[in-house]
Structure formats: structure tokens, C-alpha cells
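Quick notes on the structure that follows.
The values are calculated or read from the model by the stated rules, or taken from the named source; none is laboratory data. Keep in mind it's a predicted model, so treat the numbers as computed, not measured. Don't worry about glycine lacking a Cβ; one is built from the backbone with ideal geometry, like all the others, and counts go over all protein chains shown.
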Amino acid sequence: MKRIILLVVISVVTFSFSLAGAEEILNGAGASFPYPVYSAWAYDYYKATGAKLNYQSIGSGGGIRQIANRTVDFGASDAPLTPAQLNKDNLLQFPAVMGGVVLVVNMPGVKAGAVRLDSEAVCKVYLGNIKYWDDAKLKTLNPKMKLPHNEITVVHRSDGSGTTAIFTNYLSGACSDWKARVGAGTSVKWPVGIGGKGNEGVSQYVKKAQYSIGYVEFAYAEQNKLAYTLLKNSAGNFVEPSFNAFEDAAATGNFDPKKHFDHWLVNAPGKHAWPIAGATFILLAKDKKDSSVKSVRFFDWAFKNGDAKAKELIYVPLPKSLKDKIRAYWKANGIY
Amino acid sequence: MPILQRKNPVDLSFSLITAFASFTVVLLISGIFVVLVRESSLSIGKFGVLKFLTSTEWNPVTESFGAATAIYGTFITTGIALIIAIPAAIGIAVFITEISPNFLKAPIGVAIELLAAIPSIIYGMWGLFTLAPIMSRYIEPALKSSIGKVPLLGTLFQGTPMGIDILTASVILSIMIIPFTASIARDAFNLTPAVVKESAYSVGATKWEVVKDVVLPYSKLGVFGGIALSLGRALGETMAVAFVLGNNHQITSSLLNAAATITVTLANEFTEADTDMYLSSLFYLALVLFVLSFIVLAIAKYFLLRAERKYSR
């Protein structure tokens with residue numbers, strides 16, 4: 001909450017400045033998930049260069065439509081567009097920053113990092129096949145824990161969100177049952193569970209309801225002191241969510257510039273990679289070179305100077321190797 | 001044309017300006033209607049009217065949409081909210097106009113109007129952080145273990161009390177609409193001529209009898225008006241219920257389950273609706289609410305008119 005209030009203040013200040021003069025103004029619109037970090041970058045960027053960014057967090061759907069209609073300099077979307085969609089609207093796409101999604105549980109006496117889960121277990125819990133904490137499957141994963149015979153309260157998002165898209169892509173990728181019965185998207189038809197609105201809604205629920213499990217962005221787990229679980233990744237290791245684990249996922253994730261980086265950062269092959277992460281993407285219009293060059297200038301600046309600020313707000317900066325790939329992509333498209 | 005008969009140019013332009021202002025409202029409403037129809041045409045084409053209204057499926061992944069669950073949620077939350085709010089609101093109005101000592105009237109009146117001035121998002125957050133935990137910990141388990149055991153009525157209180165459910169949403173809605181009903185009912189009660197009340201008292205009627213047989217019949221219209229207004233407000237209320245209803249597309253007999261209303265679906269899913277069919281279906285839902293509200297308000301208006309006619313006779 002504090003983070004949001006601080007950034008609202010910052011953005012209000014930035015916006016009120018933007019009314020003052022006729023300097024360079026960059027207009028962006030879209031995803032709400034990266035809004036705090038874009039605003040913070042914009043504030044620093046303005047202090048450093050005098051150029052302003054006006055970013056409206058109207059949601060990914062709106063961002064895609066705005067850039068398709070060419071009413072903004074760049075659009076932002078939590079979900080990557082496919083190359084076919086990009087070609088249709090003549091767009092370019094690259095990732096800007098990442099976030100990790102973690103599973104959080106509430107059981108008396110259970111601390112962060114105590115419960116171990118794998119994708120099959122998570123999938124079965126969210127499908128409603130595993131109903132109790134002392135299920136055989138959970139027992140094998142946690143041989144040393146004393147799991148109680150209590151019903152699992154499953155918590156999910158009630159609103160459409162990029163977080164849900166990342167989480168359901170993780171389940172679809174790891175679990176064929178989920179793919180067939182539910183699928184992946186910003187909002188899905190949940191087989192079981194109750195819905196909380198926003199990350200704050202889910203956090204609130206997991207915090208209040210004993211024997212519950214939910215998924216939230218990493219930042220919310222940290223701020224609300226929720227007990228996150230360990231997850232087994234594709235390499236077969238149980239990993240703890242951390243900046244390093246997210247960065248390892250990004251470094252080993254298959255971001256292909258030829259496909260305009262269209263990739264879900266889930267079940268990444270890295271040894272220490274956290275399996276549920278996701279980048280948020282920037283969309284540029286190929287035919288509006290001026291706008292794209294201006295936008296690229298901003299994100300290039302943010303790649304160079306914005307990592308600390310991003311981490312402060314618990315976003316995961318892109319690893320250097322990926323930034324280099326993106327710069328090469330910009331060059332290849334003549335906007336860098 | 002009475003407007004043109006006026007000779008004074010100031011008068012004429014004044015009339016024209018007011019007429020223009022009034023017509024903008026009509027224009028806006030029809031504009032909104034046209035936009036809703038146009039934006040939802042994709043979905044109307046795919047699902048038709050009857051299928052969309054009766055289908056309980058709402059699955060963005062398979063792009064299969066129906067409004068039945070949202071319509072059900074809208075009516076059930078509104079209905080329960082009215083059941084809770086109307087007696088409370090009339091009680092408040094009776095207390096202020098008939099029972100309360102004079103020095104209490106103003107503060108209570110102001111407090112009620114302040115209740116109406118609170119933005120609905122505040123109700124929503126309060127509902128999520130304060131009311132929902134109270135409901136799930138104390139009120140709902142109590143209801144479940146008492147009324148929940150009664151046959152038939154008990155089906156209303158089945159399932160795990162989580163606090164994010166129809167009952168919590170309805171309670172919040174009812175708190176939101178109490179001020180509307182109460183302040184209009186109060187104004188209506190105040191219009192009862194003192195002479196009539198005093199003559200009732202003078203023939204030995206008790207306070208209860210005066211309220212029941214003199215004030216209430218006299219002010220029926222105003223009270224109905226207040227109820228109709230709050231009905232409209234409850235149908236369209238969004239943020240207060242968006243946080244505590246769970247947005248779960250299902251038709252359920254238990255009030256302890258999550259559900260979805262039309263507005264809650266829109267608020268929750270509009271920003272991240274990524275495909276054309278999804279967005280179009282959300283517009284279609286909005287169109288359904290638009291038509292529903294129109295019908296409900298028309299019915300309310302019809303009853304008001306009928307009551308008025310009967311009353312003036």
C-alpha cells in the first residue's frame with residue numbers, strides 16, 4: 001500500500017510538471033503491474049534528462065488497443081503478443097522488467113520456505129483433486145513436516161490480471177490436466193477456491209484464512225510477511241523465491257528476438273531458476289519511428305540506471321544478457 | 001410551442017438553454033445505448049440474445065460467455081440488500097420525525113447524509129478489511145449453526161463461511177442504500193400535516209398507531225420513491241461489492257458462496273480483457289445492465305404513478 005501511495009504522489013508531481021512546458025513528452029499506456037516502477041523511472045529520468053513520461057495504467061487490454069490505434073508512443077502489456085498479432089498491427093515488442101509470482105500458505109507455525117511443492121501438487125490443489133493438507137502427495141514432498149488433516153482453502157484472483165496469466169501459464173505448461181480442463185489467461189474459470197480482488201485481496205485472504213494457499217506477486221508476499229513455499233523447478237531443485245532465482249529464470253528463459261521475445265518465463269530450465277516468473281512487455285509502432293526512438297531512449301536509460309530503483313520496489317531487473325539482446329533487436333529495427 | 005410565444009429575448013434564450021441542457025441528457029443516454037450496442041455487436045452475433053441471457057458459462061479461455069450468473073448475482077445481492085435496508089431506513093425515518101427529541105434530530109440527520117457521501121470504494125475496502133473477517137469469524141458461523149440447521153431455510157447458509165460472499169456484499173450494499181431511503185422517507189414523513197397527527201393523538205392513538213395508520217399511509221409515495229432510487233443505486237453499485245463478492249461465476253443457493261454481479265464482472269475483468277470477443281461480451285453485459293435498470297426503474301415508476309393516482313382520488 002505504502003509503495004502505491006508513494007508512487008501516486010510521485011506520478012501526480014510528474015504529471016503536474018508535464019503541464020508546465022513544451023519539453024519532450026513521452027506518452028505510454030497499458031499494464032498496471034509495472035506502473036509503480038515505470039513511474040519511479042520516469043521521475044528519475046525527468047531529473048536526469050528533462051524529458052517526461054506520462055504513463056497511464058489502464059490495463060494491458062487498453063494498452064494494446066491504444067498502441068494499435070497509434071494514440072500513444074508505446075503500449076504496455078503483461079502478456080506477450082504473438083508474432084502474428086504483432087504483424088497484424090505492425091508492432092515491435094520487448095520485455096522491460098520482470099516480476100515473480102510465489103505461492104503463499106497460512107498454517108499455524110509454518111514459516112516462509114517450510115512447505116515444498118512441485119507443479120503437479122500445485123496443479124492438483126488448484127484443480128480440487130488434493131483437498132486436504134495431509135494428502136499423500138503433499139506428505140511425500142514434505143516428509144519431515146507434520147501436515148494437519150485440514151481442508152485446503154484455495155485462493156485465487158477474482159479480477160483479470162497478468163499475475164493470473166503467468167500463474168495459469170505455469171500450470172498449463174507443467175500439467176496437462178490443467179491445460180485441458182482450464183487453460184491459461186488473464187482470468188480463467190477456476191474449478192475451486194475463492195477470489196480476492198488484486199494482489200492485496202489475495203494477500204488479505206491468505207493472511208486471514210487458516211490452512212489457505214494463494215498466489216501473489218513476490219512483493220506482496222514480502223510486504224505482508226506471508227509464508228511463501230519452495231517450488232521444484234524444471235531442473236528438479238527446490239528453490240526459494242529471490243531476486244537471484246528470478247534472474248536465473250530470465251537468463252535461461254528462451255527469449256527469442258526473432259519471435260519478438262514472445263515467451264512466458266515459466267518452468268525455465270536454469271538450475272536455480274524460479275519456475276513462475278514473467279516479464280512485462282513494451283509495444284512500439286513500427287511506422288512511428290520518432291515515438292519509438294523516444295521510447296527506446298527512455299527504456300535504454302532505465303536499463304542502465306534503473307535497476308536499483310526497480311529492486312527497491314521489488315521488481316526484477318532484466319539480466320545483462322537479455323538487455324544486450326534487446327539492444328540488438330532495437331538496432332536491427334533501426335530505432336536505437 | 002410555449003417556448004416561442006414568449007416575447008422577452010432574455011426569457012427566450014433562458015428557455016432555450018434549459019431545453020438544450022435537458023435534451024443533452026436524452027442525447028447522452030441514447031448515445032451510450034448506441035455505443036453499447038455497437039461495441040457488443042461481435043458478442044451479440046456469436047451468442048444471440050436468449051443464449052447469452054440463459055447461459056451460465058463464463059469462460060474467457062474458451063471465449064464462451066453467458067450472462068445468467070451475473071444477472072442472478074445482481075438480483076440476489078440487490079434483493080437481500082433491500083430486505084435489510086428498507087426496515088432499517090424506515091425505522092430511522094420514523095425515529096427522526098416522530099420519536100427523537102429535537103436536539104438529536106439534526107445530528108442524526110447529518111450523520112445519515114454523511115453516510116451517503118462516503119465514496120463507495122471506501123465501503124469496498126472497509127468491507128474487505130473489516131467486515132469480511134467479522135462476518136466469517138462470528139456472524140456467518142452463528143447463522144450456519146442456527147438457521148443453517150432448519151430445513152429449507154438452511155440451504156441459504158451452507159458451505160464454509162469465508163466472508164467473501166453474497167451475504168457480506170448484500171450487507172455492504174444495504175448500508176450504502178440506507179441513507180437514500182431514509183432521507184427521502186424522512187422528508188416524506190415530515191410532509192404529513194401536523195393537524196392530522198394531532199387529531200389522531202387527541203382521540204387516544206398511541207405513537208405506534210399514529211405511525212402505522214397515519215404517517216405511513218400518508219407518505220407511502222415518498223417511501224416508494226426512496227426505495228426505487230436505492231434499487232437503482234444497488235443495481236449499479238460497483239466498487240463496494242467488487243472486493244467482497246469474489247467474482248465467481250456461479251448460481252448458488254447458499255448466501256455463503258461467492259458470486260458475481262454484472263458490475264463486479266465489469267470492474268474486475270475490463271482492464272485485462274485481451275481478446276475482442278471477451279471485451280465485446282463485457283460490453284454486452286453492460287448493455288444487459290442498461291436495459292435491466294431501465295426496465296426496473298420503469299416498473300418502479302409505473303407503481304409510483306398508480307399509487308399517485310389512487311392516492312389523489
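Being of a type outside the set (Val, Ile, Thr), closer than 24 Å to B:LEU229 by Cα, in contact with a helix residue (DSSP H, G or I) (Cβ under 8 Å, 6 or more places away or on another chain) and buried (at least 20 other Cβ atoms within 10 Å of the Cβ) narrows it down to one residue among B:LEU289, B:LEU256, B:LEU297, B:LEU279; which is it?
B:LEU289
Would you tally the residues in the range B:40-61 being under 26 Å from the mean Cα position of the chain (by Cα) and within 14 Å of chain A (Cβ to nearest Cβ)?
The first filter runs over the range B:40-61 and keeps only residues under 26 Å from the mean Cα position of the chain (by Cα), leaving B:40, B:49-50, B:52-58.
Now narrow it down to the ones that are within 14 Å of chain A (Cβ to nearest Cβ): B:55-58.
Of the residues in that region, 4 qualify.
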Original post:
Tally time: how many residues in the range A:229-250 are touching a residue at least 60 places away in the same chain (Cβ under 8 Å) and farther than 14 Å from A:PRO319 by Cα?
Top reply: 7
**OP:** With the checklist (1) within 13 Å of chain A (Cβ to nearest Cβ); (2) in a helix (DSSP H, G or I) in hand, flag the one item B:ASN257 doesn't pass.
**Re:** (2)
Original post:
How many residues are more than 21 Å from the chain's Cα centre (by Cα) and among the basic types (Lys, Arg) if we restrict to the range A:56-89?
Top reply: 2
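Yes/no matrix, rows are residues, columns are (1) part of a helix (DSSP H, G or I); (2) modelled with pLDDT of 90 or more:
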residue: B:GLU140; (1), (2): yes, no
residue: B:LEU143; (1), (2): yes, no
residue: B:GLY148; (1), (2): yes, no
residue: B:LEU156; (1), (2): yes, no
residue: B:PRO161; (1), (2): no, no
residue: B:ALA169; (1), (2): yes, yes
residue: B:SER174; (1), (2): yes, yes
residue: B:PHE180; (1), (2): yes, no
residue: B:SER183; (1), (2): yes, no
**OP:** Inspect the range B:189-205 for any residue being under 25 Å from the mean Cα position of the chain (by Cα) and in a helix (DSSP H, G or I) and give the result as yes or no.
**Re:** yes
Subject >> Selection count, the range A:147-172, where residues are closer than 22 Å to A:HIS263 by Cα and at pLDDT 90 or above >> reply: 10
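How many residues are β-branched (Val, Ile, Thr), within 16 Å of the chain's Cα centre (by Cα) and part of a helix (DSSP H, G or I) when one looks only at the range B:209-239?
At the first step, the residues of the range B:209-239 found to be β-branched (Val, Ile, Thr) are B:210-211, B:214-215, B:223, B:227, B:238.
From what is left, the residues that are within 16 Å of the chain's Cα centre (by Cα) are B:223, B:227, B:238.
Right, trim to part of a helix (DSSP H, G or I) and you get B:223, B:227.
Count: 2.
Could you name every one of the helices (runs of 4 or more DSSP H) located completely within the range A:140-248 that has at least 3 residues being within 14 Å of chain B (Cβ to nearest Cβ) and within 25 Å of B:ALA273 (Cα to Cα)? Full working, then the answer.
Working: elements: A:162-174, A:176-181, A:198-208, A:218-223.
Of the helices (runs of 4 or more DSSP H) lying wholly inside the range A:140-248, those with at least 3 residues that are within 14 Å of chain B (Cβ to nearest Cβ) and within 25 Å of B:ALA273 (Cα to Cα) span A:162-174, A:176-181, A:198-208.
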Subject >> Scan of the range B:46-96 for residues that are more than 18 Å from B:ALA116 (Cβ to Cβ), assigned to a helix (DSSP H, G or I) and β-branched (Val, Ile, Thr), ordered by number >> reply: B:THR54, B:THR69, B:ILE71, B:THR74, B:ILE76, B:THR77, B:ILE80, B:ILE83, B:VAL94
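Return yes when A:ALA84 is assigned to a helix (DSSP H, G or I) and more than 11 Å from chain B (Cβ to nearest Cβ) and no when it is not. Before the answer, list the steps.
Values: assigned to a helix (DSSP H, G or I): yes; more than 11 Å from chain B (Cβ to nearest Cβ): yes.
Spelling it out, A:ALA84 is indeed assigned to a helix (DSSP H, G or I) and more than 11 Å from chain B (Cβ to nearest Cβ).
Condition first: more than 14 Å from chain B (Cβ to nearest Cβ) and polar (S, T, N, Q). Now tell me which residues in the range A:45-60 satisfy that. Walk me through it before giving the result.
From the range A:45-60, those more than 14 Å from chain B (Cβ to nearest Cβ) are A:45-55; that's our starting set.
Scanning the range A:45-60 gives A:THR49, A:ASN54.
May I ask you to say which residue of A:LYS304, A:LYS258, A:LYS271 is surrounded by fewer than 17 Cβ atoms within 10 Å (Cβ to Cβ), charged (D, E, K, R) and assigned to a loop (DSSP other than H, G, I, E, B)?
Details: A:LYS304 fails: assigned to a loop (DSSP other than H, G, I, E, B); A:LYS258 fails: assigned to a loop (DSSP other than H, G, I, E, B).
Answer to the selection: A:LYS271.
Say we look at the range B:12-54 and pick out the residues that are β-branched (Val, Ile, Thr) and under 17 Å from B:ALA70 (Cβ atoms); which of these is surrounded by the most Cβ atoms within 10 Å (Cβ to Cβ)? I'd like the intermediate steps shown before the answer.
Going residue by residue through the range B:12-54, those that are β-branched (Val, Ile, Thr) are B:17-18, B:24-26, B:29, B:32, B:34-35, B:37, B:44, B:49, B:54.
Add one more test, that the residue is under 17 Å from B:ALA70 (Cβ atoms), and what stays is B:44, B:49, B:54.
Details: B:ILE44: 17, B:VAL49: 11, B:THR54: 11.
If we take residues in the range B:12-54 being β-branched (Val, Ile, Thr) and under 17 Å from B:ALA70 (Cβ atoms), then B:ILE44 is surrounded by the most Cβ atoms within 10 Å (Cβ to Cβ).
Out of all the residues in the range B:154-175, is one or more surrounded by fewer than 13 Cβ atoms within 10 Å (Cβ to Cβ) and either away from every other protein chain (no Cβ under 14 Å) or of a type in the set (A, V, I, L, M, F, W, C) (or both)?
Checking the range B:154-175: not a single residue is surrounded by fewer than 13 Cβ atoms within 10 Å (Cβ to Cβ) and either away from every other protein chain (no Cβ under 14 Å) or of a type in the set (A, V, I, L, M, F, W, C) (or both).
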Subject >> Close pairs from the range B:198-223: first farther than 16 Å from B:GLY91 by Cα, partner of a type in the set (Phe, Trp, Tyr), Cβ under 7 Å, at least 6 apart >> reply: B:LEU221/B:TYR311
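Is it true that A:LYS144 is farther than 23 Å from A:ALA332 by Cβ, assigned by TED's automatic domain parsing to the domain that holds A:GLY201 and modelled with pLDDT under 90? Before you say what the answer is, go through the steps one by one.
On the way: farther than 23 Å from A:ALA332 by Cβ: yes; assigned by TED's automatic domain parsing to the domain that holds A:GLY201: yes; modelled with pLDDT under 90: yes.
The answer is yes for A:LYS144.
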**OP:** Examine the range B:234-241 for a residue that is closer than 18 Å to B:GLY79 by Cα, surrounded by 16 or more Cβ atoms within 10 Å (Cβ to Cβ) and among the acidic types (Asp, Glu), and state whether such a residue exists.
**Re:** yes
